[in-house]
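Have a look at the structure below before the remarks.
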Amino acid sequence: MNKHWQTLAERTEGLATNEEIEAALYRLVTEQVLYYSDRKSKRDYQIIAGFERDLKGALSALGIDLHVERALRYACALPRYAKPGSIHTGQTIFALLLRQIYDEAMRQGKDISESGEVVCDLVELEEKYRLLTTRAFPSSKNELREMLRAAKRWGIARISDGSGEDIPETALQGQDFVIIIRPAITVILGEAAISRISALACTVGLPEEVDPDAENADNTLPAPPVPNNTP
């Protein structure tokens, strides 16, 4: 495979080395989504997009589909045979809720950035959560923090408090941040998620844990291709 990357690198006439191509592909697989708008991912996205056809073949051999969205400038690695681990119901509901909010914003054409991101504050989030689930919004800061971290790990959301993209310990003490829903959510949570949202709106009293096999069957919430413990 090193020879393969070397051949690709030679075609760039010095614009990318074989090590940079390897590193970009590895990062895509481990992080699942790379956004051009993220400072640390800009270079890797450019490499993936530039070698899309060649890298599709390499990833396909691993059972991973490569999706490059050039208009909104992000690349996504989608495992064809992903089997998620035990995903808490709260994380699944949260992800589906973000997809619903994103779709509504796109239909209405409001609060959408040039990179296709949608801004949502906690007031709107809590209101939409109650409407979707008929349950109270989680009051535990730890639970909310874990849901946010999971959404970030899947590449479907991030938070913004004016200081960066991480989730600071103080961020959940008040309305001092907003949630940024990212465009890859429409790929990570595909068409099957739409029917799940409709069903969820009519469901009360979900079980404590989501059956991993059931989640995998409808491909509603695929886990990252490999374990990623980045907070």
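The values are calculated or read from the model by the stated rules, or taken from the named source; none is laboratory data. The structure displayed is predicted, hence computed values, not measured ones. Reconstructed Cβ throughout: ideal geometry from the backbone, glycine too, with neighbour counts over all protein chains shown. Just the protein is used for accessible areas: all its heavy atoms, side chains included, with ligands, DNA and RNA removed. Shrake-Rupley method; radii C 1.70, N 1.55, O 1.52, S 1.80 Å.
Quick rundown of the values:
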| read-out | value |
| --- | --- |
| Residues satisfying the stated conditions in the stretch 122-163, i.e. acidic (Asp, Glu) and surrounded by 13 or more Cβ atoms within 10 Å (Cβ to Cβ) | Glu124, Glu126, Glu143, Glu146, Asp161 |
| Conditions (1) closer than 19 Å to Glu31 by Cβ; (2) in a helix (DSSP H, G or I); (3) of a type in the set (A, V, I, L, M): number failed by Leu96 | (1) |
| Condition broken by Glu13, with the remaining ones in (1) loosely packed, with under 15 Cβ neighbours inside 10 Å; (2) modelled with pLDDT of 90 or more satisfied | (2) |
| Pair list, Cβ < 6 Å and 6+ apart or interchain, from the stretch 125-151 residues that are under 11 Å from Gln91 (Cα atoms) to residues that are among the aromatic types (Phe, Trp, Tyr) and assigned to a helix (DSSP H, G or I) | Met147/Phe94 |
| Condition broken by Glu114, with the remaining ones in (1) over 21 Å from Leu34 (Cβ atoms); (2) part of a loop (DSSP other than H, G, I, E, B) satisfied | (1) |
| Criterion violated by Leu62 - all others in (1) among the hydrophobic types (A, V, I, L, M, F, W, C); (2) surrounded by 18 or more Cβ atoms within 10 Å (Cβ to Cβ); (3) more than 17 Å from the chain's Cα centre (by Cα) satisfied | (2) |
| Selection status of Arg70, open to solvent by 60 Å² or more (accessible area, probe 1.4 Å) and closer than 16 Å to Ile185 by Cα | yes |
| Some residue of the stretch 37-50 being over 16 Å from the mean Cα position of the chain (by Cα), small (Gly, Ala, Ser), open to solvent by 20 Å² or more (accessible area, probe 1.4 Å) and modelled with pLDDT under 85 | no |
| Selected residue [part of a loop (DSSP other than H, G, I, E, B) and touching a helix residue (DSSP H, G or I) at 6+ places or on another chain (Cβ under 9 Å)] from Leu55, Leu62, Leu34, Leu66 | Leu62 |
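Results for (1) at pLDDT 75 or above; (2) in a loop (DSSP other than H, G, I, E, B), shown as yes or no for each residue.
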residue: Leu131; (1), (2): yes, no
residue: Pro138; (1), (2): yes, yes
residue: Ala151; (1), (2): yes, no
residue: Ser163; (1), (2): no, yes
